[in-house]
C-alpha cells in the first residue's frame, strides 16, 4: 500500500500545480549503453559467410539500435545517422535493408511482439488450474522484460511515438491478446465488446510494467507478477447486468477535418483587447502562454506530434515567433508543458470531486472518475495530447505521465481497509486499477469517441472498486451514482 498524498492544489500563471510540479527527471536505465561487441562489425574481406547471413546480422544490429535509441530518446528524435553509427552499418546498407526508419521500427516491433507472445503462451500451455497457468505466463513475461528492457519498452510504449503503421500493428497485437485472455476467462471465442474487463486487466499490467521499465527496475516484475494475477482474478468472468458500455469504434471522417477546440480555448483567443491597452504585463503573458498551450494541443490532436511546428503554433496562438521563444526554447518544451498542464488539470478536477464526497470513499472514487471524464470531454485537444499523443513520445513525457498516475493511485489508499473479511487486497492494486482505467480512456480517445466516455463511467467505477469491495458492492455503487440520476429523462406527472 502506498503512503502519503499529493500536495495541495493551487493555480498560478503556468496552470494548476500539484504541490510542486512533477519533474520530468531522466529515467534510470538498467544499462546506459550495450557492450561494444554487440555491435561489432563482421570481418571484412573473405569471411566465409553467406550473403543472407550477413544481411541477417546487419538487420539484428539495426533492430537492437532502434530499440535502445527509442528507450533513450523517443522515436521522433531517432535519426538514421544515429542508427547506422550505433549499429556499425553504412547508410547505403541501411537503405538496402529498409526503405525508411518506420519499416525498421515495424521489424523490431514485430520481433519483440512475436517473442513475447511465444514466451508467454509456451509458459501458459501446460496442465493445471487456470490461475497457475496464468501465473506461469506472467512470470515468463516478467523474465523477458528483465532480460530485454529496451525491447520490452518498445513493445509496450514505443509504437505510440511512431506512425500509423506501427499503431495499427500494435492494435492487431493487443486485440489478438485480448481474444486469447477472454477465451481463457469465460470460454468464449471473442471478448464481449461492451465488457471492458480484459482491457482493464491488460492495461493495468502494461502500466505497472511500463513504470518499472521507466525506472530501471524491471526485475521487480517477477515478484509483482503474483500480485497482478491475484488482482486480475478479483474480477468475475461475467459483467454484472446494467454495466455494459457502448463499444467505441473509429470515426469515419479524417482526423484533421475534426475540431478539437474547446469553448474555453475559443474564448481565450479573443480575451485581450486589440491595440493599446493598460493590462498588466503578467496578464498579457499569461494569456499568450495559455493560447500557445491551446494551439499546441489542437495541432497535435489534429495532425500528430510529427506535424507540430513553431510557425503553426505561433500563427494559431496569434503570437509572434519572438513571443514563443520568450516562453519556450523548442516545440518539444511547449509539448511537455501542455502535457503537464493537461494532466494536472485532469487530476485537479478529479481531486476536487473526490474530496467533496469523502468520507464515503466508494462514492468519492465514482465522483472523482466522473470529474476527470467531464474535464476530458470539455477539453478534447488536451485529452488527446495528454492521454494518446504523449504516450511513448519521449522519456520526458513518460516521466510526467508516471508521476501523475502515481498521484491518482494515492487516492485509493482508503480502499485497502474496506476489503471484506478474509480478503487481502494486493499492494499493487491501486496502481493497477488506475493504469487499467487509464488505458480504457486511451481506447475511447484514440478512437475519437470522447463524448461516449460518460456512458462508460459506471463500468469504470465498477472496475476501480471491485478489487477492494467485491463485485456486488462495487456494482451497487456504480449503478446508484447520483450522476446517473442526473442524466435520466424527467418523467411526466401522472395525468398530465
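The values are calculated or read from the model by the stated rules, or taken from the named source; none is laboratory data. Note that the coordinates shown come from a computational prediction; the quantities given were computed from them, not determined experimentally. Counting neighbours? That spans all protein chains shown, and the Cβs are built from the backbone with ideal geometry, glycine included.
Taking the residues in region 129-181 that are assigned to a loop (DSSP other than H, G, I, E, B) and surrounded by 18 or more Cβ atoms within 10 Å (Cβ to Cβ) as candidates, determine which candidate is modelled with the highest pLDDT.
Here the answer is 148.
Go through region 435-494 and count every residue that is at pLDDT 95 or above and not in a helix (DSSP H, G or I).
Of the residues in region 435-494, 1 are at pLDDT 95 or above and not in a helix (DSSP H, G or I).
Does residue 241 count as outside any helix (DSSP H, G or I), at pLDDT 90 or above and either touching a strand residue (DSSP E or B) at 6+ places or on another chain (Cβ under 7 Å) or over 30 Å from residue 151 (Cβ atoms) (or both)?
Yes.
With respect to residue 62, determine if the residue is modelled with pLDDT of 95 or more, assigned by TED's automatic domain parsing to the domain that holds residue 151, more than 20 Å from residue 151 (Cα to Cα) and part of a helix (DSSP H, G or I).
Here the answer is no, as residue 62 does not meet what is asked.
Take residue 460 and decide whether it is surrounded by fewer than 24 Cβ atoms within 10 Å (Cβ to Cβ) and on the phi < 0 side of the Ramachandran plot.
no
Table: residues versus (1) at pLDDT 95 or above; (2) within 17 Å of residue 155 (Cβ to Cβ).
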{"site": "54", "(1), (2)": "no, no"}
{"site": "57", "(1), (2)": "no, no"}
{"site": "70", "(1), (2)": "no, yes"}
{"site": "74", "(1), (2)": "no, yes"}
{"site": "79", "(1), (2)": "no, no"}
{"site": "84", "(1), (2)": "yes, no"}
{"site": "94", "(1), (2)": "yes, no"}
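Surrounded by 17 or more Cβ atoms within 10 Å (Cβ to Cβ) and out of contact with any helix residue (DSSP H, G or I) (no Cβ under 6 Å at 6 or more places or on another chain): which single residue out of 348, 371 fits that description?
Exactly one of 348, 371 is surrounded by 17 or more Cβ atoms within 10 Å (Cβ to Cβ) and out of contact with any helix residue (DSSP H, G or I) (no Cβ under 6 Å at 6 or more places or on another chain), namely 348.
Can you confirm whether residue 417 is modelled with pLDDT under 90, in a helix (DSSP H, G or I) and in the same structural domain as residue 306 (by TED's automatic domain parsing)?
no
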